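Everything below concerns the one structure shown next.
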Amino acid sequence: MFTDLPLDELTHYCPPLPEPPGFDAFWERTLEEARRHDLDARFTELDAGLALLRTYDVAFSGFGGHRIRGWFLLPRSADGPLPCIVQYLGYGGGRMLPHDWTLWPSAGYATLVMDARGQSGPNRPGGTPDPVAATNPGVPGKMTQGLLDPDDYYYRRLFTDAVRAVETARGHDAVDADRIVVAGGSQGGATALAMTGLVPGLAGALIDVPFLTHIRRALDITDAGPYGELTRYFAGERGHIDTALHTLDHFDGLNFAVRAGAPALFGTALRDEVVPPSTGFAAYHHYAGEKALKVWRFNAHEGGGGEQRVAELAFVRELFG
């Protein structure tokens, strides 16, 4: 069991924002630099053995013009441009295989799954390298890569890739560009939350147990999961803590939440040691768009699992009728 704030305090927990000076200018510059590269989105159809779905291997230009891989799935029965779910991945997860992503196309929606650069492993096949070398000594994992400068930080690249993934989906003839929903859990939830503050005109967002949110509190109350990479780093690099925290503030979900406009469904679990529930509630309370929250009292980082998916299906169905 993990102990955070009691539920009656969580229901109105809304801490101050950790917004650094120049936050908007930083992201405007970042995305402007990325758009100097031709998106060059390519969809190569393949036979994945899914009789009711059309499957495409996707490649597009993300941060720095680096080629990002993904999957694009469509129901074969599609008639006219469809709403599209843009799916982001959890920490350490590659894009896996097409049959791992059949939920949303089976429900009648186009689906674009973005690979996470440099994160695939032997049991989570991906295909997208991260060609940017580490700029500072760190601990294994992604959390300390480039941590001493916001321009160099790993999540600047990943979040930029995610914006370009939405642009890739919007450019496909089978997609209704005005009906894009971003989705993900944990790191994927962090990425979806960031998109609500970076991408105008989203139709909705599914933000489940979002990581990288209210980061300074998370570092004070858990060493589990990827946050543990940071606490191990800080234990040895005592002189770099303030510099690193300043970098992290540029990627904190709270700062994206207050800029959001899309309707969102959040999920949080009260026994989550990886993403402490107070951090998820903080994102929810700061979120500026229409919102709903599913709370799972006796679950950990898995959140509501399949029942959260049921809630998400209903939420998206209500969005699009």
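The values are calculated or read from the model by the stated rules, or taken from the named source; none is laboratory data. As the structure is a prediction and not an experimental result, all values here were calculated from the model. All Cβ positions, glycine included, derive from the backbone under ideal geometry; neighbour counts span all protein chains shown. Areas reflect the complete protein model, heavy atoms only, side chains present, ligands, DNA and RNA absent. Shrake-Rupley method; radii C 1.70, N 1.55, O 1.52, S 1.80 Å.
With respect to (1) on the phi > 0 side of the Ramachandran plot; (2) in contact with a Cys (Cβ under 7 Å, 6 or more places away or on another chain), the lone exception for residue 303 is condition (2). Within segment 66-79, if we keep just the residues that are without any contact (Cβ under 8 Å) to a residue 60 or more places away in the chain and open to solvent by less than 40 Å² (accessible area, probe 1.4 Å), the residue that is farthest from residue 184 (Cα to Cα) turns out to be 75.
Can you tell me which residue is farthest from the chain's Cα centre (by Cα) among those in segment 75-100 that are farther than 16 Å from residue 165 by Cβ and part of a strand (DSSP E or B)? Among those that are farther than 16 Å from residue 165 by Cβ and part of a strand (DSSP E or B), it is 75. Scan segment 8-23 residue by residue and report those that are open to solvent by less than 70 Å² (accessible area, probe 1.4 Å) and either part of a helix (DSSP H, G or I) or within 17 Å of residue 158 (Cα to Cα) (or both). 10, 23 - these are the residues of segment 8-23 that are open to solvent by less than 70 Å² (accessible area, probe 1.4 Å) and either part of a helix (DSSP H, G or I) or within 17 Å of residue 158 (Cα to Cα) (or both). The residues listed here are 283, 260; of these, the one that is in a loop (DSSP other than H, G, I, E, B) and aliphatic (A, V, I, L, M) is 260. Is it the case that some residue within segment 155-166 is among the aromatic types (Phe, Trp, Tyr) and not in a helix (DSSP H, G or I)? No, the conditions are met nowhere in segment 155-166.
The single condition among (1) closer than 27 Å to residue 248 by Cβ; (2) touching a Lys or Arg at 6+ places or on another chain (Cβ under 6 Å); (3) not hydroxyl-bearing (Ser, Thr, Tyr) that residue 86 does not meet is (2). Filtered by the rule that a residue be surrounded by 24 or more Cβ atoms within 10 Å (Cβ to Cβ) and among the β-branched types (Val, Ile, Thr), segment 256-294 gives 268, 275, 279.
Among the residues making up segment 149-204, those that are on the phi < 0 side of the Ramachandran plot and of a type in the set (Ser, Thr, Tyr) are 153, 154, 155, 160, 168, 191, 196.
How many residues does segment 209-255 contain that are part of a loop (DSSP other than H, G, I, E, B), open to solvent by less than 20 Å² (accessible area, probe 1.4 Å) and in contact (Cβ under 8 Å) with a residue 60 or more places away in the chain?
The total comes to 9.
In the set 130, 152, only one residue is among the acidic types (Asp, Glu), modelled with pLDDT of 90 or more and buried (at least 19 other Cβ atoms within 10 Å of the Cβ); that residue is 130.
Scanning for something among the aromatic types (Phe, Trp, Tyr) and open to solvent by 20 Å² or more (accessible area, probe 1.4 Å), does segment 92-113 turn up at least one residue? Yes: segment 92-113 contains one or more residues that are among the aromatic types (Phe, Trp, Tyr) and open to solvent by 20 Å² or more (accessible area, probe 1.4 Å). Scanning segment 133-148 for residues being on the phi < 0 side of the Ramachandran plot and either open to solvent by 10 Å² or more (accessible area, probe 1.4 Å) or out of contact with any helix residue (DSSP H, G or I) (no Cβ under 7 Å at 6 or more places or on another chain) (or both) gives a total of 11. Taken together, the residues in segment 295-321 that are in contact with a Gly (Cβ under 6 Å, 6 or more places away or on another chain), surrounded by fewer than 22 Cβ atoms within 10 Å (Cβ to Cβ) and part of a loop (DSSP other than H, G, I, E, B) amount to 1.
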